[in-house]
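The values are calculated or read from the model by the stated rules, or taken from the named source; none is laboratory data. On a predicted model such as this, the values are computed, not experimentally measured, just so you know. No Cβ is skipped: glycine too gets one built from the backbone with ideal geometry, and neighbour counts run over all protein chains shown.
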Amino acid sequence: MEVSVARTVDPVRHEERRRSILDAATRLLRERGVQGLTIHDVLGEAGISKGALYHYFSGKDELLAALIARRLDAWSDAVTDTIAAVASPSERLVVLVRTLTSAKSQDLALLVSALPTLHSDDGAALQARLRIAGRERFVPLLTQVITDGAQTGVFAAPSPASAARVVMSLLQEMAEAVARGLREIRDGRGDADVLHADALAYAAAVPAVLDAPATGEDFLRPGDLDAWIRAAHQLGTISSKEQG
């Protein structure tokens with residue numbers, strides 16, 4: 001009588017291999033952008049077989065989602081560490097939102113180059129997953145900050161958890177509006193002034209929700225948005241040269 005033995009998976013080795021695949025994909029993304037990334041290239045960079053890669057990721061979209069989720073984790077850690085050193089709830093909210101509406105220079109190429117994929121018809125499911133991932137990471141942080149502000153009378157928020165969800169929705173809607181504007185700028189059709197005005201209107205709605213002593217300019221620094229616009233212009237220039 002044969003006895004089948006269940007195959008066990010070493011969780012440490014599994015995570016190490018998954019991380020090495022993501023590291024390889026990140027290096028390629030910084031060199032080539034999302035459109036230039038292929039599964040074949042990732043296999044070569046990571047030194048693995050196609051079967052091994054599909055054990056961790058079902059395809060390019062899931063790999064891209066994992067890469068952006070990794071950056072969300074990094075931003076969440078950065079926000080947590082930063083706001084812990086700020087005493088005032090109103091200042092903590094400003095710092096938190098600024099961090100969410102900013103991007104490290106190393107992330108600009110990844111995120112801007114991902115725009116065509118994320119905001120295409122095929123990328124709708126991926127974008128929805130990332131919206132959920134963002135809410136899972138940042139709504140609890142927003143809730144805590146708003147709770148502290150409500151308890152000290154700085155914010156008017158009878159339900160801090162509800163207010164946090166509304167603020168997060170505003171920030172995600174702002175991100176999508178900015179993404180649309182950046183795509184148009186990348187394609188040579190956009191207007192940076194319109195993009196600034198739209199983004200600032202969303203940012204101004206955040207303190208309005210909480211009756212907070214702040215303005216849209218406090219939450220959205222023009223320099224942060226300018227960095228995204230420059231990245232979009234650069235991506236458009238690179239794309240034009242490649243097509244030419």
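Worth pointing out:
- Of all residue pairs spaced 6 or more apart or on separate chains, those with beta-carbon atoms under 7 Å, a first member in the range 209-234 that is in the same structural domain as Ala179 (by TED's automatic domain parsing) and a second member that is among the charged types (D, E, K, R) are Phe219/Arg98; Arg221/Arg98; Ala232/Arg186.
- Residue in the range 174-186 that is in a helix (DSSP H, G or I), closer than 23 Å to Ser76 by Cα and of a type in the set (Asp, Glu) present: yes
- Residues located in the range 75-93, provided they are touching a residue at least 12 places away in the same chain (Cβ under 8 Å) and part of a helix (DSSP H, G or I): Trp75, Ser76, Ala78, Val79, Thr80, Thr82, Ile83, Pro89, Ser90, Arg92, Leu93
- Test result for Ala204, more than 17 Å from Ile146 (Cβ to Cβ) and under 16 Å from the mean Cα position of the chain (by Cα): no
- Given (1) assigned to a helix (DSSP H, G or I); (2) touching a residue at least 60 places away in the same chain (Cβ under 8 Å); (3) over 16 Å from the mean Cα position of the chain (by Cα), number of the condition Ala161 does not satisfy: (2)
- For the range 147-158, filtering for residues that are part of a loop (DSSP other than H, G, I, E, B) and touching a helix residue (DSSP H, G or I) at 6+ places or on another chain (Cβ under 9 Å) leaves 6.
- For Ala24, the stated conditions do not hold, so it cannot be described as within 22 Å of Ala124 (Cα to Cα) and either modelled with pLDDT of 90 or more or in contact with a Lys or Arg (Cβ under 7 Å, 6 or more places away or on another chain) (or both).
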